[in-house]
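The next block holds one structure in the form of structure tokens; read it before the comments.
No value in this document is a laboratory result; all are computed from the given coordinates. Note that this is a predicted model, so its numbers are computed, not measured. No Cβ is skipped: glycine too gets one built from the backbone with ideal geometry, and neighbour counts run over all protein chains shown.
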Amino acid sequence: MRNQVLFHEGTLEEADGRLVQTGKRCRDCGKTAYPAMERCPFCASENTEKAALSKVGTVFSYSVTRVPVGSFKPPIILAYVDLPEGTRVFGQIHADEKQVRAGMKVEVETGALWTEKDGTEVAGYYYVPYTAGKGVEK
């Protein structure tokens, strides 16, 4: 069994044996926040519930970094991704940088982002180009 830690606590939860992005949906205003917060950042209500986020979104904007940053090797593609529930998520895109453009559909995947020297996998989420029919949109 491998040792695994999350890159950022509170961004993913285990469901049915896999990691999924989970935010908080406000029962009062209906908006969804990510990462999950105790109070709704839109109306300050405490009346929130955990909610799995959509798996498919649209790139709002992106940037490419061509220098190493910590354990990440260049090119590093970072993007804001708009999800159908109105949530904007910041994350990496794992793709050929020539493929990436604003407005493209991407889908979330989870897995090891890197492995520490002691063998510990650091798990997180990232986006890949969406392929219709490959998975489920929601």
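Taking the Cα centre of the chain as reference, the dipole from Cβ charges on Lys and Arg (+1) and Asp and Glu (-1) amounts to some 400 debye. With the charge dipole of region 26-138 set up from +1 on Lys and Arg Cβ and -1 on Asp and Glu Cβ about the Cα centre, the Cα lying farthest toward the positive end among the listed residues GLY119, ALA33, THR65 is that of THR65.
Put simply, the amide H of LYS31, placed in the peptide plane, has neighbours under 5 Å in CYS26, leaving out anything fewer than 5 places away on its chain. Each 10 Å bin from zero up to the one holding the largest Cα-Cα distance in the chain carries the following percent of pairs: 12, 37, 36, 14, 1. Each Cα pair under 8 Å and six or more residues apart adds its separation to the average, and for region 89-132 the resulting relative contact order is 45 percent.
Peptides 91-97, 111-117, 35-41 ranked from most to least packed, by the mean per-residue count of other Cβ atoms within 10 Å: 91-97, 35-41, 111-117.
Given axes a ≥ b ≥ c from the Cα gyration tensor, I'd like to know whether region 1-82 is rounded (a/c under 1.5), prolate (a/b larger than b/c) or oblate. It comes out oblate by the Cα gyration axes.
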